[in-house]
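Encoded as structure tokens, the structure appears first; notes follow it.
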Amino acid sequence: MASISPSKSGRVAAALIAGAVAAAGLAWAIRAQRPTLPDDPLQLQILADAARRDDALAHLERLARDGNVAARRALGLTLIHRALRPAEGLDWLRQAARAGDTDAAFQLGKLLQGGAPGVPSNPVEAVQWLVPAAQADHPGAAYYLGIARRNGYGIAPDPAEAARWFAVSARHNVPAALFMLANAYRAGEGVPRNDAEAVRLYEAAAEQDHPEALQTLAMAWRNGEMGLPRDDAQAQHYEMETAHALKHPALKP
């Protein structure tokens, strides 16, 4: 068998070492290009939901199973929004809500009131979650509880209670709540009729591009309603604003 000269064996060893160093460097570079996942549940939710990062979803699930309440809410919403495991998502939301997470209770109430893909509507359970969240001054929960009280979704209709909860939400300047409270004052439903207050609330909602509020003001100026004089110029202004707002309307809570 031919022997390998010392000089040649040294070159082979050097080449092997160089190759190992290069491989280690490549592995480090790959790891460096893949940033460490954050532990913040909101950031993980964005990565797992909007960016469809399964590694973020797995990390979020680990945090949720370790008892992180915010992670349980984030995981529940992600599983529902991505239509992966909606029933399990509801369970995670319930766990977070039972642990005192007000936003989880709101999200549960909202989902169960209107239903969603994989989430059947359950107005009675929706109210059970909306009530404590609204009592904790959550503006979205107050709005949807107002809707429940106005229309009798899962609870007896009560115009006064509906207006009260719309007012709670409106104090947070929620456009949809401002609009609903304006309707109540205009019709005298649950509150004394007050056209001036209705106009003020419609205008507050209109400033946030709420299409229905803008359209209501356009008609009021066109027809001389709610104590406003007839004014075609004002009506046309609000009609144009309505058309603009319909392209990017104010979102409901």
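The values are calculated or read from the model by the stated rules, or taken from the named source; none is laboratory data. Remember, predicted model here, so these are calculated numbers, not experimental data. Methodologically, a virtual Cβ is constructed for each residue, glycine included, from the backbone with ideal geometry; neighbour enumeration extends over all protein chains shown. The protein model used for the area step is the full one, side chains on, heavy atoms only, and it has no ligands, DNA or RNA in it. Shrake-Rupley method; radii C 1.70, N 1.55, O 1.52, S 1.80 Å.
The table for this structure:
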quantity	calculated
Contour excess over end-to-end distance, with Cα ends at SER121 and HIS237 and 0.36 nm allotted per residue	37.8 nm
Contact order normalised by residue count of the chain, Cα under 8 Å, 6+ apart, percent	8 percent
Segment HIS244-ALA136, length gained on full extension (0.36 nm per residue, minus Cα span)	35.4 nm
Burial order of peptide ranges 42-55, 162-175 (average beta-carbon count within 10 Å, highest first)	162-175, 42-55
For the chain, accessible area per residue (1.4 Å probe, heavy atoms of protein chains only), Å²	54 Å²
Relative contact order computed over the stretch 27-158 (Cα-Cα under 8 Å; 6+ residues apart), in percent	14 percent
Compactness of the chain, expressed as Rg and Dmax over alpha-carbon positions, Å	28.6, 111
Rg/Rh for the stretch 92-172, where both radii come from Cα atoms and Rh is the Kirkwood radius	0.96
Inter-label distance, nm, simple model (7 Å from Cα along the C-beta direction), GLU203/ASP66	5.3 nm
Accessible carbon and sulfur surface of the stretch 47-126 relative to its total accessible area, %, 1.4 Å	51 percent
Extent along principal axes [Cα atoms of the stretch 206-253; Å; largest to smallest]	32, 18, 12
Cα-based helix-to-principal-axis angle, 102-114 vs the chain, degrees rounded to 10	70 degrees
Solvent-accessible area, 1.4 Å probe, carbon plus sulfur percent, for the stretch 134-221	47 percent
Point-to-point label distance, ASP40-ASP55, nm (Cα→Cβ direction, 7 Å offset)	1.9 nm
Charge tally in the Cβ shell below 12 Å around TYR185, where Lys, Arg are +1 and Asp, Glu are -1, TYR185 excluded	0
